[in-house]
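The values are calculated or read from the model by the stated rules, or taken from the named source; none is laboratory data. Just so you know, these numbers come straight off a predicted model, no measurement behind them. Note that each Cβ is placed from the backbone with ideal geometry, even for glycine, and that neighbours are counted across all protein chains shown.
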Amino acid sequence: MLLTYSGHRALDDRARHGLLVCIRELIDTYHGGSVTKRYLHELISATRARN
């Protein structure tokens, strides 16, 4: 998923690899090997008053 973000895609190969290695180490060390990313979707509905 991280490789889909434009900022990460714009990095040169060496920098991108270093970033991903650091992130992997943080996830393994502090989060038990996985991270869940959640998205919130909100739908707001309204009706117009008739004049």
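Remarks
- Every residue from region 12-25 that is under 14 Å from L2 (Cα atoms) and either in a loop (DSSP other than H, G, I, E, B) or hydrophobic (A, V, I, L, M, F, W, C) (or both): A15, L19, L20, V21, C22, I23
For every residue, the table says whether it meets (1) modelled with pLDDT under 95; (2) over 14 Å from the mean Cα position of the chain (by Cα); (3) outside any loop (DSSP other than H, G, I, E, B).
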site: H8; (1), (2), (3): yes, no, yes
site: D28; (1), (2), (3): no, yes, yes
site: A46; (1), (2), (3): yes, yes, no
site: A49; (1), (2), (3): yes, yes, no
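- Residue in region 10-19 that is acidic (D, E) and surrounded by fewer than 10 Cβ atoms within 10 Å (Cβ to Cβ) present: yes
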